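Taking it in order: structure first as structure tokens, then the write-up.
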Amino acid sequence: ETGVTQTPRHLVMGMTNKKSLKCEQHLGHNAMYWYKQSAKKPLELMFVYNFKEQTENNSVPSRFSPECPNSSHLFLHLHTLQPEDSALYLCASAPGVSMSSPLHFGNGTRLTVT
Amino acid sequence: GENVEQHPSTLSVQEGDSAVIKCTYSDSASNYFPWYKQELGKRPQLIIDIRSNVGEKKDQRIAVTLNKTAKHFSLHITETQPEDSAVYFCAASNWAGANNLFFGTGTRLTVIP
């Protein structure tokens, strides 16, 4: 058990679909993150939430919409995606943002946009 | 923002040999440098980290060195084993009100039995 659980593990969606990715952490952490992992590219930071408040939006297109109802849950709502959005989407959590600290990652959702 | 470069992109070593992966960063204010290991189909996992107030840290067969003047840091794995085969990512962070980690592109390490 990783402590950070992501669902679904795999998702195939058309460009006109609307879907959501879910992340849940049981580590008592206060900060949650969405990263995008594409082949041969660095892990790209997308969004950061600290105590449910969004503290970072790394120039992510509006077709990606995050939601953080509480410190334990994080969603990424997807709509009208493009094929280049196909990637592994990783959720992570950290104790907080009072100092730099390691991230604890989930297993990711492998997204394919057709 | 921070820019982290990582080399090499692939590395093959014989079992028992050492492996070295190098990273450079651009933001001189960066003060935290973790390394993650990602096995095929699995999540990235922290294996070792170092803060800017030390120059070297060791944990069994793994060590990390940091040169703040040159803005580079390296991962050293000694006595490599087949289970060390994975993709390794370096990262850098400058806490400036947010814990934002910026990652390198990864090194695929293959340990040949």
Taking the range B:42-63 and keeping residues within 13 Å of chain A (Cβ to nearest Cβ) and hydrophobic (A, V, I, L, M, F, W, C) leaves B:Leu46, B:Ile47, B:Ile48, B:Ile50
Search result, residues across the range B:1-55 that are farther than 18 Å from B:Ala86 by Cβ and open to solvent by less than 20 Å² (accessible area, probe 1.4 Å): B:Val4, B:Tyr25, B:Ser30, B:Tyr32, B:Phe33, B:Ile50
Scan the range A:77-92 residue by residue and report those that are open to solvent by less than 10 Å² (accessible area, probe 1.4 Å) and either at the interface with chain B (Cβ under 8 Å from one of its Cβ atoms) or over 10 Å from the mean Cα position of the chain (by Cα) (or both). A:Leu78, A:Leu81, A:Asp85, A:Ala87, A:Leu90
Those residues of the range B:87-113 which are away from chain A (no Cβ under 14 Å) and either open to solvent by less than 40 Å² (accessible area, probe 1.4 Å) or in contact with a Lys or Arg (Cβ under 6 Å, 6 or more places away or on another chain) (or both), in sequence order: B:Leu109, B:Val111
Conditions: (1) in contact with a Phe, Trp or Tyr (Cβ under 6 Å, 6 or more places away or on another chain); (2) modelled with pLDDT under 95. B:Gly41 meets all but one. Number of the miss? (1)
Could you check the range A:1-71 for strands (runs of 3 or more DSSP E) lying wholly inside it with 2 or more residues that are in contact (Cβ under 8 Å) with a residue 24 or more places away in the chain? A:4-7, A:10-13, A:18-25, A:31-37, A:44-50, A:64-70
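Okay, residues lined up against (1) under 14 Å from the mean Cα position of the chain (by Cα); (2) under 19 Å from A:Tyr35 (Cβ atoms):
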site: B:Asp17; (1), (2): no, no
site: B:Tyr25; (1), (2): yes, yes
site: B:Ala29; (1), (2): no, no
site: B:Gln60; (1), (2): no, no
site: B:Thr65; (1), (2): yes, no
site: B:Ala70; (1), (2): no, no
site: B:Ala86; (1), (2): yes, yes
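The values are calculated or read from the model by the stated rules, or taken from the named source; none is laboratory data. In this text the structure is predicted, and so the values were computed from the model without any measurement. Using ideal geometry, Cβ is built from the backbone for each residue, glycine included, and neighbour counts are taken over all protein chains shown. The accessibility values were calculated without ligands, DNA or RNA, using every heavy atom of the protein model including side chains. Shrake-Rupley method; radii C 1.70, N 1.55, O 1.52, S 1.80 Å.
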